[in-house]
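K.L.:
Here it is, the structure in full.
Bear in mind these aren't lab numbers, they're just calculated from the coordinates by the rules spelled out. Computed from a predicted model, the values in this text were never measured in an experiment. Here the Cβ positions follow ideal geometry from the backbone for every residue, glycine too, while neighbour counts run over all protein chains shown.
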Amino acid sequence: MSIGRIVLHRLLTGLGVLWGAATLTFIALNLTGGDIALAILGGPDALPTPEILAQVRREYGLDQPLIVQYGEYLARLAHGDLGDSYRLRIPVTQAIGQQIGATAQLAGLAGLLAISLSIALALVTAKRARWITSLSSGSELVLSSMPSFVLGILLLLLFSFQFPILPPAGADDWRAMVLPTLTLALPIAAVLTQVLRQELDDILDQPFITIARARGLSEAGVRLRHALRHVLTPLVTLSGFIFAGLLGGTVITETLFSRQGVGRLMIDAATNKDVPLVLGITLLAAVVYVFINLLVDLFNTLADPRVARA
């Protein structure tokens, strides 16, 4: 399969992913109960009259059957129109644009930290004494299975309250980024370390490693110069998992640490049944996920021509 066909196949698959994400989110939001018109007006505390509620439903098309609302949404989406946020009264693209920078900063730092930690730990613990491997594997298992909010709370209790060296929330300096970044990065780093160490365990038994050692190369040199480059491909392949972990984690982390960002915006939009905004954020996540997987496919094809011939 040529690179062009791989790109075309991935794009067509991506369109299906986008349609599925938009459809499932639309259905879920409309089946969870609650009056969207009431949410638009500010909730029950607004005490709207039946006449005002009816007017809002007509204005936003909420008096139409769900299938009609769904069709109109897909039609607008096909023209690149994500609509306006019910709650914020601004275009969805503008609402997301105002928050995406903070999320990108946090996710970028966490992703970089997770990859750096996983590579370093895998290099240090691969093919070592049993107690080192057991200790590392046990720690990784605990971190990878721990929910983000639990890890975040533990970090807050330890470094903000028991030993107040880092701010819990609200600060604008670099220290305010430490705990959210660790909360996002540690579980991902734990999973990546397990995968990379297994790869290194296999690679370090290969004949070319034995030859490199026989030539007098130090163990550190063997691992850094010869073994490390062979684990980069699985690391790239796992980039989709890394992104999914970062995106899902920001929803909890931004709320827990009172940070602005798309994750916190998503929580607020879902709570207030802001359908256009929830759908817009969902589609953004799907677009980025499809794009990352396209890049992974291209990398694997260029790195291993056998993939293109498969």
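K.L.:
Could you give the length gained by full extension between A28 and S134, i.e. 0.36 nm per residue of separation minus their alpha carbon distance, to one decimal place?
P.N.:
Here the segment from A28 to S134 would lengthen by 33.9 nm.
K.L.:
Measure off 7 Å from each Cα along the Cα-to-Cβ vector at D205 and H9, then give the distance between these two points in nanometres to one decimal.
P.N.:
Calculated label separation equals 3.2 nm.
K.L.:
What full-extension length gain, to one decimal in nm, is calculated for D63 and A214 as 0.36 nm per residue of separation minus the Cα-Cα distance?
P.N.:
Roughly 46.6 nm would be gained on extension.
K.L.:
If each Cα of region 92-271 is one equal point scatterer, what is log10 of I(q)/I(0) from the Debye formula at q = 0.09, 0.18 Å⁻¹?
P.N.:
Normalising to I(0) and taking log10 leaves -0.39, -1.11.
K.L.:
So how far apart, in nm, are the two label points at L157 and D268 if each is 7 Å from Cα heading toward Cβ?
P.N.:
3.0
K.L.:
Counting only other residues whose beta carbon sits under 9 Å from that of P167, what net charge do I get with K and R as +1, D and E as -1?
P.N.:
In short, 0.
K.L.:
Here's another thing I want to ask about it. Scan around D84 for amide H atoms under 5 Å from its own, H built in the peptide plane at 1.01 Å from N, and keep only partners 5 or more places away or cross-chain.
P.N.:
V92
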